[in-house]
Amino acid sequence: MGYIMELRKLVGSRPLIMVGACVILLNNEKEILLQLRNDNKCWGLAGGSLELGETLEQVAKRELFEETGLVAKRLELFHVYSGEEFYYKYPHGDEVYNVVSVYICSEFEGELRRGENEVQALKFFKLDALPQNINPPDVPIINEYISSVY
């Protein structure tokens with residue numbers, strides 16, 4: 001999060017528009033991969049913010065690899081989200097309005113390993129047996145995905 005960290009030095013924790021991408025990664029059993037985040041102790045999608053010069057697809061692939069050790073072979077754009085519902089205040093006080101491009105990935109390779117700085121655990125979940133403590137900005141994304149497949 002280099003670009004956002006640099007902005008934070010200038011503006012403190014006041015609200016920023018943060019553009020990024022995340023990945024709904026599905027295994028062969030159509031289970032969704034979630035990560036237990038270090039910052040808020042919630043389960044969420046792999047993803048993060050755009051760095052200068054990156055495309056949104058590059059962000060999705062980079063964050064997926066950094067946080068899970070998996071390499072996306074193919075990404076499909078699911079939806080782009082923004083608005084009041086995507087306001088978030090991090091536990092340390094930084095505020096953001098997220099603009100998120102969400103990609104679906106079911107073709108990937110690599111060995112599952114957690115990114116130690118950001119991730120406590122990684123686990124595949126059945127769509128009808130998700131954990132209760134979902135990362136707040138990911139809730140509407142996951143709910144819309146589930147609605148689209150049922």
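Every number here is computed from the coordinates shown, using simple stated rules; none is lab data. What you see is a predicted model; the values in this text were computed from it and never measured. Quick reminder, even Gly has a Cβ in these numbers, built from the backbone with ideal geometry, and neighbours come from all protein chains shown.
Residues of the chain were split at every exposed loop site, defined as trypsin sites (Lys or Arg not before Pro) in a DSSP loop with at most 13 other C-beta atoms within 10 angstrom, and the longest piece left, sites excluded, is 42-112. Taking Lys and Arg as +1 and Asp and Glu as -1, the other residues whose beta-carbon sits under 12 Å from that of Glu144 total -2. Here the spin labels are modelled as points 7 Å beyond Cα on the Cα-Cβ line, and at Asp128 and Val149 they lie 1.3 nm apart.
The local environment of Phe78, defined by Cβ-Cβ distances under 14 Å, has a net charge of -3 under the rule Lys, Arg +1 and Asp, Glu -1.
Extension gain, Val80 to Asn40, is 12.1 nm, computed as 0.36 nm per intervening residue step minus the present C-alpha separation. The label point for Glu51 and the one for Tyr3, both projected 7 Å from the Cα toward the Cβ, are 1.1 nm apart. Here the label points at Ile17 and Tyr87, each 7 Å from Cα along the C-beta direction, are separated by 1.6 nm in the simple model. Within the shell defined by Cβ-Cβ distances under 13 Å, the residues around Glu95 carry a net charge of +1, with Lys and Arg each +1 and Asp and Glu each -1. With Rh defined as the Kirkwood radius, the inverse of the mean 1/r over Cα pairs, the Rg/Rh of segment 80-150 is 0.97. Where only DSSP H runs of four or more residues are counted, the chain gives -7000 deg cm²/dmol as its mean residue ellipticity at 222 nm, each run worth -39500 (n - 2.57). Its relative contact order, with pairs defined as Cα atoms under 8 Å and 6+ residues apart, puts segment 2-149 at 31 percent.
Taking a straight line from the alpha carbon of Lys9, these lysines sit under 18 Å away, with near neighbours fewer than eight places off in the same chain left out: Lys89. Taken over the chain, the percentage of Cα pairs per 5 Å bin, counting from 0 up to the bin with the maximum distance, is 2, 9, 19, 24, 24, 14, 6, 2, 0, 0. Comparing Tyr90, Tyr103, Tyr81 in a Gaussian network model of the chain, where Cα atoms under 10 Å apart are tied by springs, the biggest mean-square fluctuation is seen for Tyr90.
Ordered from longest to shortest, the equivalent ellipsoid semi-axes for segment 54-101 are 24, 15, 8 Å, each the square root of 5 times a Cα gyration tensor eigenvalue.
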